[in-house]
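Here the structure comes first, spelled out in structure tokens, and everything after it is commentary.
Throughout, read-outs are computed from the coordinates displayed, never taken from laboratory work. Every value quoted in this text rests on a predicted model; they were computed, and no experiment measured them. Quick reminder, even Gly has a Cβ in these numbers, built from the backbone with ideal geometry, and neighbours come from all protein chains shown.
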Amino acid sequence: MSELDIPGVTPAVIDASFEVHGGETFVVMGLSGSGKSTLIRMLNGLLPATAGRVCVDGEDITAMSRKEIREMRRSTMSMVFQHFALFPHRTVLQNAAYGLQIKGMEREERLTKAQESLDLVGLGGWENHLPEQLSGGMRQRVGLARALAADTDILLMDEAFSALDPLIRREMQDQLLSLQAQLGKTIIFITHDLNEAMRLGDRIAMMRQGRIEQIGTAEDILAHPANDYVAQFVRDVDRTRVLTASSVMEPAVETITVDSSPSAARAALRESRYPGLHVLDREGKLVGVVTDTTVADATERGSKGLHEALTGEHPVVHPDTPVHELFTPAAASALPLPVVDKRNILLGVVPTATLLGALGEIDRRVEGAVKEVVADA
């Protein structure tokens with residue numbers, strides 16, 4: 001008889017196998033009772049795993065003694081709880097320094113480190129207040145500062161923002177994104193809020209009844225749901241805030257090099273679907289745009305290349321630009337939006353028709369997945 005068949009036993013996490021990469025924000029998403037909070041408590045040894053292993057940097061937590069687990073929590077893995085878990089009789093600074101006190105750090109050093117963490121989360125000036133004098137969002141920041149002060153590589157966050165009202169919750173999400181960009185921690189974030197998962201997660205694990213249904217980026221899950229449960233779950237997500245320019249761009253085929261002659265540009269413009277061309281240098285960097293008018297002017301001046309025909313009046317977007325931020329520049333430009341990397345290398349373009357068509361295509365795929373499951377049933 002397997003452990004899953006024992007009478008009176010309800011398995012909370014079943015066959016949950018995954019890896020979290022260093023510096024990644026890995027979100028575990030699921031409804032109440034899906035097993036996500038049980039999962040995160042097994043990661044730091046608060047709950048023992050019935051079977052399997054939990055490894056951190058090659059060290060098996062499930063084989064550690066209680067003393068070793070406690071040491072691992074102090075040095076490697078911190079946790080931010082849903083309901084703050086602050087000491088009401090301690091000041092904000094003392095709460096932030098508590099983990100360092102447990103480590104045995106000298107008073108002055110731990111208070112200095114705690115103050116630095118409070119400054120990071122925007123609580124400088126509040127260090128001498130008590131928790132009852134703070135708003136819910138500020139108290140959650142104290143909990144986050146306490147975890148940051150411990151200076152562990154891994155942060156576990158168990159529904160850390162779910163007790164906050166929507167506005168403060170959004171502010172805390174912004175705070176976490178900013179801190180992560182600065183510190184590059186490995187974060188495992190538990191939530192039941194799909195929009196929060198889509199906003200914060202580099203990758204998302206969708207859980208249901210103790211099992212992981214799908215792991216992927218927000219774009220992967222939206223565009224390619226693994227099954228009917230995931231498809232229905234993400235059906236009402238605002239895709240324009242999750243999908244990015246890289247997911248809707250197409251190859252840039254109507255371009256010309258800056259060394260080309262004006263006559264070559266005129267010929268290319270006659271063949272083009274658009275009133276202008278994107279101009280690239282020899283490395284593929286976008287240097288500007290030419291139009292019939294600017295090419296004609298350059299021809300009259302006897303220009304040999306297109307340098308004098310360039311116009312800098314062209315919007316650019318980056319691969320990670322959300323789709324909802326593409327509509328305004330797309331509407332203002334007669335050319336497809338160029339998508340460039342940090343070096344200004346042209347990666348592709350987003351024509352307005354493609355932008356609108358891609359959104360409709362994704363909606364149809366998700367709807368089709370749901371209809372197919374219903375038909376099979």
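Observations
- P(r) tail fraction, region 178-324 - alpha-carbon pairs more than 24 Å apart, %: 53
- Selection from 131, 331, 279, by position along the positive dipole direction of the chain (Cβ): 131
- Remark: region 178-188, residue by residue, has Karplus-estimated 3J(HN,Hα) of 5, 5, 5, 4, 8, 9, x, 6, 8, 10, 10 Hz, where x stands for each Gly or Pro and the curve is 6.51 cos²θ - 1.76 cosθ + 1.60 at θ = phi - 60°.
- Contact order, relative form, for region 286-353: 27 percent (alpha carbon pairs under 8 Å, 6 or more residues apart, mean separation divided by residue count).
- Reciprocal of mean inverse Cα separation for region 1-148 (Kirkwood radius, Å): 17.5
- Number of Lys-Lys pairs in the chain with C-alpha atoms under 29 Å apart and a separation of 8 or more places or on different chains: 13.
- Degrees separating the helix 66-75 axis from the principal Cα axis of the chain, which is the longest one: 40
- Hull shadow area, averaged, the chain [alpha-carbon convex hull, nm²]: 26.0
- Largest first, the extents of the alpha carbon coordinates of region 112-262 on the three principal axes equal 67, 51, 28 Å.
- Near residue 213, the amide H atoms lying under 5 Å from its own belong to 206, 207, 208; only residues 5 or more places off or on other chains count, and H is placed 1.01 Å from N.
- Two-decimal log10 I(q)/I(0) for region 239-318, as the Debye equation yields it once each C-alpha is a single scatterer, q = 0.22 Å⁻¹: -0.98
- Packing rank of 194-201, 253-260, where each peptide gets the mean count of other beta carbons within 10 Å, highest leading: 194-201, 253-260
- Distance from the Cα centroid of region 329-359 to that of region 130-201 is 34 Å (rounded to whole angstrom).
- Under the Karplus curve 6.51 cos²θ - 1.76 cosθ + 1.60, θ = phi - 60°, whole-Hz ³J(HN,Hα) for region 159-164, x wherever Gly or Pro sits: 6, 4, 10, 6, 8, 9
- For the listed peptides 205-211, 61-67, a ranking on the average number of other beta carbons within 10 Å per residue, highest first, reads 205-211, 61-67.
- Average projected area [Cα convex hull, region 94-146], square nanometres: 3.2
- Axis of helix 262-271 versus longest Cα principal axis of the chain: the two differ by about 70°, to the nearest ten degrees.
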